[in-house]
Amino acid sequence: MAEIINMPKLGFDMAEGVLVRWVKNVGEAINKGDVLAEIETDKATVEVESAVSGVVLQHLVDPGASVPVNDPIAVVGAAGEKVEGAPAKEGGPKTEAGSQPAASPAAASAPEPVPASAAATTPEPASPVLSPSPDLKASPLARKVARDKGVDLGAVVGTGPGGRIVRRDIEAALAGADAPTKDQGQKTEAAAALPPSSVLRPSFVPDETIQTTKLRQAIGRRLVESKTTIPHFYVTHEYKMEALMDLRKQLNGYLPDGEKLSVNDFILKAVALSLREFPNLNATLNGDKIIRKGGVNVGVAVTVPGGLMTVVVKDTDQKPLRQISSEVKTMAARARDGKVKPEDVDGSTFSTSNLGMYDVEDFIAIINPPEAAILAISSAREVPVVSGGQVVPGWRMKATISVDHRVSDGAEAAQFMQALAKYIEEPVRMLV
């Protein structure tokens, strides 16, 4: 029997997604778990997997269409099966007003008209390149935007992983943001080889206007909501790191290069074990009720092009350090490449934000709704410390927890930070 595949809900605040491209065409066989399509959400470009096996019988939306959560997007069934009662196919991408029909293929390939007010500052798009070389490294979304806007991908230098062209590179080219072309890049390399006195430096640098990405807009909405509706309070604790640094060094001596443990891996495990002792911080507020979550799913903030994304280690308290480390590396790589899976970013019960790699002494983080707390982790640094009346070198790290005052109070947050010290300063506890 034919099955309807719906637009998935990726996160509690997702309302709709844009279908970027179909991976499986009508008539192609598909197995349960195979990638059916790519969609763009406020968070990232995500691969949608088929929930059933069979043959793709019908696409219900066109690439570029904005589809509400849980609306049907495709039909999968047996070969030759007739599709009865399937929803009508939706058109292409909506206009800003959401009321105009999709343009014809010929019109879609033409450059968009430039308003008179912007004509002086917006460069005329290059001739459209409808079939860029498949060897060109560009994300599916970047290819679509370039095709729709008439941008020659061959003239754009990518700023994504490995020089991959991503959407922001196309937007920068359209906005006249001095995006470098390949020829310009060669000239820049040549200029870099000249003595400093030979390089011409502009006496005036004009203002630069950059269109914010959907991810950046989503971050802004969520965090404004968080800071204006959640009464934050903060507790900072300084941790002794000598034992953890020594244990990490010993364990990494037995592990291959691709599986080395980071300081953050130990902290995630310590946080999860501490949350088992303080379930009030592994919770969410629902009206006048506090819902303590049964699973400890620790979110990890990851820097991605255009913003931040939180990937989630499910059941962190029950997993060994090597598994935690492997999952974080894998999900972070997918996030940075714009290929996260729905389960990568959904279901966190407590979040962490680690800026330790940037030599940060201390900072605070904003709570990620609907969670009750987030931990900001700073750098482990070798500093002068007083021990036995003597000033000696020692490894120290500061961490600050931000807590929703409607859910918890300062004393409980301080006790949690002390419990965290038990695992960080005696890390062998995490191995037994």
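The values are calculated or read from the model by the stated rules, or taken from the named source; none is laboratory data. On a predicted model such as this, the values are computed, not experimentally measured, just so you know. Cβ placement follows ideal geometry from the backbone for every residue including glycine, while neighbour counts extend to all protein chains displayed.
Which residue is modelled with the lowest pLDDT, if the candidates are limited to the range 201-216 and must be over 35 Å from the mean Cα position of the chain (by Cα) and not basic (Lys, Arg)?
This residue is Pro202.
Quickly run through the range 366-400 and pick out the residues that are in a strand (DSSP E or B), free of Cβ contacts under 8 Å to residues at least 12 places away in the same chain and of a type in the set (Gly, Ala, Ser).
Ser387 - this is the single residue of the range 366-400 that is in a strand (DSSP E or B), free of Cβ contacts under 8 Å to residues at least 12 places away in the same chain and of a type in the set (Gly, Ala, Ser).
Is it the case, given these coordinates, that Met357 is at pLDDT below 95 and either hydrophobic (A, V, I, L, M, F, W, C) or not in a loop (DSSP other than H, G, I, E, B) (or both)? Let's see the steps before the verdict.
Numbers: at pLDDT below 95: yes; either hydrophobic (A, V, I, L, M, F, W, C) or not in a loop (DSSP other than H, G, I, E, B) (or both): yes.
So Met357 fits the description; yes.
Between a residue in the range 315-326 that is under 8 Å from Lys269 (Cα atoms) and any residue that is part of a helix (DSSP H, G or I) and of a type in the set (Phe, Trp, Tyr), which pairs come within a Cβ distance under 8 Å, given they are 6 or more apart or on different chains?
These pairs meet every condition: Leu321/Phe266.
For the range 267-289, state whether one or more residues are touching a strand residue (DSSP E or B) at 6+ places or on another chain (Cβ under 6 Å) and over 17 Å from Phe416 (Cβ atoms).
No, that holds for no residue.
Evaluate the following for Gly306: is it farther than 17 Å from Val432 by Cα, surrounded by fewer than 21 Cβ atoms within 10 Å (Cβ to Cβ) and touching a Ser or Thr at 6+ places or on another chain (Cβ under 6 Å)? Walk me through how you get there before you give the answer.
On the way: farther than 17 Å from Val432 by Cα: yes; surrounded by fewer than 21 Cβ atoms within 10 Å (Cβ to Cβ): yes; touching a Ser or Thr at 6+ places or on another chain (Cβ under 6 Å): yes.
The answer is yes for Gly306.
Select from the range 40-67 the residues that are among the hydroxyl-bearing types (Ser, Thr, Tyr) and not in a strand (DSSP E or B) and write down the one among them that is modelled with the highest pLDDT.
If we take residues in the range 40-67 being among the hydroxyl-bearing types (Ser, Thr, Tyr) and not in a strand (DSSP E or B), then Ser53 is modelled with the highest pLDDT.
Residue check: is Arg334 without any contact (Cβ under 8 Å) to a residue 24 or more places away in the chain and within 26 Å of Val403 (Cβ to Cβ)? Explain how you work it out, then say what you get.
Details: without any contact (Cβ under 8 Å) to a residue 24 or more places away in the chain: yes; within 26 Å of Val403 (Cβ to Cβ): no.
Here the answer is no, as Arg334 does not meet what is asked.
Just the residues that are part of a loop (DSSP other than H, G, I, E, B) and not β-branched (Val, Ile, Thr), please, taken from the range 401-410.
Of everything in the range 401-410, those that are part of a loop (DSSP other than H, G, I, E, B) and not β-branched (Val, Ile, Thr) turn out to be His405, Arg406, Ser408, Asp409.
For Ser348, state whether it is hydroxyl-bearing (Ser, Thr, Tyr), part of a loop (DSSP other than H, G, I, E, B) and closer than 21 Å to Arg222 by Cα. Before the answer, list the steps.
Details: hydroxyl-bearing (Ser, Thr, Tyr): yes; part of a loop (DSSP other than H, G, I, E, B): yes; closer than 21 Å to Arg222 by Cα: yes.
Here the answer is yes, as Ser348 does meet what is asked.
Anything in the range 214-230 that is over 15 Å from Asn368 (Cβ atoms) and surrounded by 18 or more Cβ atoms within 10 Å (Cβ to Cβ)? List them, or say none. First the steps, then the outcome.
Start the filter on the range 214-230 by keeping residues that are over 15 Å from Asn368 (Cβ atoms), which leaves 214, 216-217.
If the condition is that a residue be over 15 Å from Asn368 (Cβ atoms) and surrounded by 18 or more Cβ atoms within 10 Å (Cβ to Cβ), then no residue fits.
Out of Leu375, Leu321, report the one residue that is among the aliphatic types (A, V, I, L, M), crowded, with 18+ Cβ neighbours inside 10 Å and touching a Lys or Arg at 6+ places or on another chain (Cβ under 9 Å).
On inspection, the qualifying residue turns out to be Leu321.
Looking only at residues in the range 332-358 that are crowded, with 22+ Cβ neighbours inside 10 Å and in contact with a Lys or Arg (Cβ under 8 Å, 6 or more places away or on another chain), which one is nearest to Tyr254 (Cα to Cα)?
Asp344
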